[in-house]
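The values are calculated or read from the model by the stated rules, or taken from the named source; none is laboratory data. As the structure is a prediction and not an experimental result, all values here were calculated from the model. Here the Cβ is made from the backbone with ideal geometry for all residues, glycine too, and neighbour counts use every protein chain on show. These accessible areas exclude ligands, DNA and RNA; they are computed on the full protein's heavy atoms, side chains included. Shrake-Rupley method; radii C 1.70, N 1.55, O 1.52, S 1.80 Å.
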Amino acid sequence: MPCTVVVGAFWGDEGKGKIISYLAVRDKIDVCVRTGSVNAAHTVVFKNKKFALHMVPSTFVYEKSRLLIGAGVNVHVAQLLKEIEETGVRDRIGVDPQCSIIEDKHSAIDKSSAHLKGLGTTGWGVGPAQEERVRRTGKLARDVPELQQYLTDVSLEANAAIANDKNVLLEGTQGLMLSLFFGTYPYVTSRDTSASAVCAEAGVGPTKVDSVLLVLKSFMTRVGAGSLPQELSKDEAVRRGWFEIAAGTGRERRSAPFNFDIAKRAAMINSATEAVLTKLDILFPECNGVTSFEQLCGEAKEFIAKVETETGVSVSLIGTGPSVFDVIDRR
Ligand code: IMP
Ligand code: MG
């Protein structure tokens, strides 16, 4: 699997962090490039400890993995330094000098703007930081004294690793329905979240990519404002066991049943080569912790088959619980 891109199909929170941490250990991911910004939290449960990573790549659980932050990223310096300490990765993390920097003023604008509040942003200030970057008045990682020791040419490292047949993973954040281009505008984030954009933020061209893993959750969730087809009431979500609280912001997530049209469109726009279905155990509790396909109940197998026919891609990984190894690997 030399170069793999992992992206979300819905509104983020599909379980990308958990799947990426599984791939890190199982496939020995030599290099991981994280994209996006601090608004996204990737949850990794490893050795009974829960991490909500806003900046550090989710492959940190594999101790040989080189962790990189691509030039397209908006870096929150304090959050990055805090996570470097928590994960103990100081000697193997690198930041591109051209990353832009989110400052306190960006978060202040995000939180005080009536328009942005109406969209239900995370409040981290990513939109205002992007605006400043586009205006070409932004501060870059190369200007920040605390980051000097981590600076590296990320695109050069990633492309050299691919050329040397290393396993490289490009870590997408959020989901296609939050894309500035393809999502539910204006109720979207401030960047494109598709596989192509992930490559661009990392500095890797499309011909270098071998596989695109589309992460689909077995039901859909959304935080913030904007449409959510067939949204359930909170009571119904709780009854079904679908009610979630956001890892990053602590906000309540809205929920709805899996939507095959959205999944199909996400497979197309991302040119997905494989799909990953997460949280199958929430839909079918009897599947919790199962690691072989044969042990799944008939209904779960039918659901997976329908996902495959509707999206046109095979479901190669299935999440059956929160821990890194609660996975059915059909590859
Ligand atoms: P912003 O990205 O903070 O500007 O927020 C814009 C919209 O994207 C809001 O609806 C947020 O809740 C949503 N959003 C941003 N990042 C994530 C994420 O990582 N997971 C889920 N929703 C997100
Ligand atoms: Mg999340």
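Taking residue 303 as the residue in question, decide whether it is aromatic (Phe, Trp, Tyr), away from ligand 2 (no atom under 16 Å from the Cβ) and open to solvent by 40 Å² or more (accessible area, probe 1.4 Å). The answer is no for residue 303.
Select from region 109-165 the residues that are within 16 Å of ligand 1 (Cβ to nearest atom) and of a type in the set (Val, Ile, Thr) and list them in ascending order. If the condition is that a residue be within 16 Å of ligand 1 (Cβ to nearest atom) and of a type in the set (Val, Ile, Thr), then 109, 121, 122, 126, 134 are the ones that fit. The criterion of at least 3 residues that are open to solvent by 20 Å² or more (accessible area, probe 1.4 Å) is met, among strands (runs of 3 or more DSSP E) falling completely within region 1-62, by 42-46, 49-53.
Considering 232, 214, the condition of being surrounded by fewer than 24 Cβ atoms within 10 Å (Cβ to Cβ) and outside any helix (DSSP H, G or I) is satisfied by 232 alone. For region 269-291, name all the residues that are open to solvent by less than 20 Å² (accessible area, probe 1.4 Å) and outside any helix (DSSP H, G or I). Those that are open to solvent by less than 20 Å² (accessible area, probe 1.4 Å) and outside any helix (DSSP H, G or I): 270, 272, 275, 276, 277, 278, 290. Scanning region 174-195 for residues that are more than 16 Å from ligand 2 (Cβ to nearest atom) and within 23 Å of residue 207 (Cα to Cα) yields 181, 182, 192, 194, 195. All of 305, 266, 300, 256 fail the test of being within 16 Å of ligand 1 (Cβ to nearest atom) and assigned to a helix (DSSP H, G or I), apart from 266. Look at region 7-24: where a residue is at positive phi and a partner is in a helix (DSSP H, G or I), sitting 6+ places away or on another chain with Cβ atoms under 7 Å, you get 12/178.
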